[in-house]
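Accompanying notes for the structure given below.
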Amino acid sequence: MKPVCMVIGAGAGIGGHVAKRFAAEGYHVVLCRRSNVEGLESLVNDIERDGGSANGYLLDASQDNAIETRIAQVEAEIGPIEVLLYNLGAQIGNRSLEQTSYKAFELGWRLATFGLFRAASVVCPLMASRGKGVILVTSATAAMRGNAGQHSHAAAMGGRRLLCQSLNAEYARQGIHVVHVLIDGAVDAPDTLGKMLGAAVFEELRAKHGGDKDGLLLPEKIADTYFHLAQQHRSAWTHELDLRAHTDLAWWNH
Ligand SMILES: NC(=O)c1ccc[n+]([C@@H]2O[C@H](COP(=O)([O-])OP(=O)(O)OC[C@H]3O[C@@H](n4cnc5c(N)ncnc54)[C@H](OP(=O)(O)O)[C@@H]3O)[C@@H](O)[C@H]2O)c1
């Protein structure tokens, strides 16, 4: 039986590329995303065409029990989850305090922080009973630094970073490796950044910084790091790591 890698938040950027990378390395991948059924099918088809195996599901992580039910179904019908990628962000663009409604603030926390807590509540006891498991958590600059217009995003991502530390403290000795991966810059991700900026601005950004300029983080290169993290020996685990393009200043320099 193939080891299972489950991705919560599998778009055409980091989530989809990590899924493709793990599938190419012999994992069965389970892709979950909120709404884009064509995008989901296209990722599954790409993986199968390249000789891998995958299932795809629509899952809205903001709905009660959606995460818990899907994890339970995957464990019961597909196999034990060896690697879980929690890839949901909570970026809503820059919004002043006045423009940040209670609802927007709470939704950020629901997706970035509470969703990871819910996933961990179900999967950690299962992984611990098997003595192994990896939880990769994609994060953002806002996990390290608050800023004007980032009230919801920074609070949610900062909380998530400390949740990762707490999970590590409680579960590392039981064989569970939790990694908080800080993505410190813009990713070539059409389903998230592309939608937030709009097609014209995103294409301008790509033309100026993307391609061989390597000024946008390329999700297929990010996926190399994720795969490596999941294979680390437990005598030398990484718990926190950051990635950025060579043209970007690190978060602590600006
Ligand atoms: N993109 C960037 O520039 C950037 C920069 C720094 C950090 N990050 C981090 O990278 C991660 C996202 O990776 P990515 O940007 O490359 O995106 P991606 O993997 O291309 O796509 C993520 C997918 O998450 C899905 N999603 C959104 N809300 C959801 C929900 N409520 N339930 C289930 N799925 C949901 C969306 O699916 P549908 O399309 O089907 O709705 C989206 O396509 C986040 O943790 C973010 O903080 C991204």
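Quick notes on this one:
- Residue that is nearest to LYS132 (Cα to Cα), among those in region 209-248 that are part of a loop (DSSP other than H, G, I, E, B) and of a type in the set (Ser, Thr, Tyr): THR238
- Test: residue in region 165-176 that is within 13 Å of the ligand (Cβ to nearest atom) and either touching a strand residue (DSSP E or B) at 6+ places or on another chain (Cβ under 8 Å) or open to solvent by 40 Å² or more (accessible area, probe 1.4 Å) (or both): no
- Scanning region 28-43 for residues that are within 28 Å of ARG130 (Cα to Cα) and open to solvent by less than 20 Å² (accessible area, probe 1.4 Å) yields VAL29, VAL30, LEU31, CYS32.
- Some residue of region 151-161 being outside any helix (DSSP H, G or I) and touching a strand residue (DSSP E or B) at 6+ places or on another chain (Cβ under 6 Å): no
Rundown of residues vs (1) under 23 Å from LEU126 (Cα atoms); (2) not hydrophobic (A, V, I, L, M, F, W, C), yes/no style:
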| site | (1), (2) |
| --- | --- |
| ILE8 | yes, no |
| ILE14 | no, no |
| ARG21 | no, yes |
| VAL29 | yes, no |
| GLY39 | no, yes |
| LEU43 | no, no |
| GLY56 | yes, yes |
| ALA61 | yes, no |
| ALA66 | yes, no |
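- Scanning region 46-73 for residues that are β-branched (Val, Ile, Thr) and open to solvent by less than 30 Å² (accessible area, probe 1.4 Å) yields ILE47, ILE67, ILE71.
- Candidate set: region 20-46, residues that are within 16 Å of the chain's Cα centre (by Cα) and closer than 20 Å to LEU111 by Cα; chosen: the one farthest from the ligand (Cβ to nearest atom): VAL30
- Filtering region 47-63 for residues that are free of Cβ contacts under 8 Å to residues at least 12 places away in the same chain, within 19 Å of the chain's Cα centre (by Cα) and within 13 Å of the ligand (Cβ to nearest atom) leaves a non-empty set.
The values are calculated or read from the model by the stated rules, or taken from the named source; none is laboratory data. All values reported here derive from a predicted model rather than from experimental measurement. We place every Cβ from the backbone using ideal geometry, glycine too, and count neighbours over all the protein chains shown. Note: areas computed on protein heavy atoms with side chains; ligands, DNA, RNA excluded. Shrake-Rupley method; radii C 1.70, N 1.55, O 1.52, S 1.80 Å.
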